[in-house]
Amino acid sequence: MNISNNRVIDIMHTRRSIAKLDLPMPTEEELNTALTAAMTAPDHKRLRPWRFIVLRDDALVDFGQVLLRAEQAATDGSLSDAACQKLLNMPLRAPMIITLIAQIKEHEKVPSFEQLLSMGAAAQNLLLSLESMGYRTVWRTGKLCNAPEVKAYFRTADQDIICGFVYVGSSNIQMPCRDVLDLSEFVEYRY
């Protein structure tokens, strides 16, 4: 097996989160291809615990308003003008945001943590798929992810978990290479 020329492994080793993204963004066909790849994630009993909501254009502005309302509710409205503007601008750091929602289902053989892990695997598939097409991404979370105002905006059930937001776009920023990890700090072999 030749692993020195493996495109998938190369993408995994070089993918980096980019904070500010611009146009172009994926076309509908590219996005559907990436979302289909996302849904090949491991999925015990085929519960399909994934939901993706794509925001663009005016929906990004609307989402900024939702984040502002959520933070105002959490802080009893005591925000500076600068803090308000920062919240409004947060979704504008990319031309597209894909919201990741784990739709947790009751199942005697598939605990909720396993469904959450499936959403995480789907998210990784999505990131790698978009990267393979030449786009850049950053997966963001934060304290407002599952605030009542945010969950209401995305019409999630109480048991559902918003796992974050994948910001998608383009960038010509060259990120530094990752540090080489000493696997012995993380891996143990038993024979």
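The values are calculated or read from the model by the stated rules, or taken from the named source; none is laboratory data. Everything quoted here is computed from the prediction, not taken from an experiment. Reconstructed Cβ throughout: ideal geometry from the backbone, glycine too, with neighbour counts over all protein chains shown. The protein model used for the area step is the full one, side chains on, heavy atoms only, and it has no ligands, DNA or RNA in it. Shrake-Rupley method; radii C 1.70, N 1.55, O 1.52, S 1.80 Å.
Quick look at the values:
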| item | result |
| --- | --- |
| Per residue, in Å², the accessible surface of region 81-143 once ligands and nucleic acids are set aside, probe 1.4 Å | 47 |
| Estimated FRET transfer efficiency (residue 9, residue 82; beta-carbon r; R0 25 Å; 0.05) | 0.05 |
| Accessible heavy-atom area order of 135, 153, highest first, probe of 1.4 Å | 153, 135 |
| Axial C-alpha extent at least 20 Å, average Kyte-Doolittle at least -1.0 - helices from the chain (DSSP) | 58-74, 112-132 |
| Length released on extending from residue 183 to residue 28, taking residue separation times 0.36 nm less the Cα-Cα span | 51.9 nm |
| Cβ-derived FRET efficiency at R0 30 Å, residue 191 paired with residue 157, nearest 0.05 | 0.05 |
| Cα-Cα over 18 Å, subset of 20/86; 45/105; 45/151; 45/109 | 45/151 |
| Chymotrypsin sites (Phe, Trp or Tyr not before Pro) restricted to region 47-102 and DSSP loop, no more than 13 other C-beta within 10 Å | none |
| Length released on extending from residue 172 to residue 20, taking residue separation times 0.36 nm less the Cα-Cα span | 53.7 nm |
| Within region 1-99, trypsin sites (Lys or Arg not before Pro) in DSSP loop having at most 16 other beta-carbon neighbours inside 10 Å | 16, 20 |
| Carbon plus sulfur fraction of accessible area for region 7-165, probe 1.4 Å, in percent | 53 |
| Chain lengthening between residue 57 and residue 124 when straightened (0.36 nm per residue, less Cα-Cα) | 21.7 nm |
| The chain: relative contact order as a whole-number percent, Cα under 8 Å and 6+ apart | 34 |
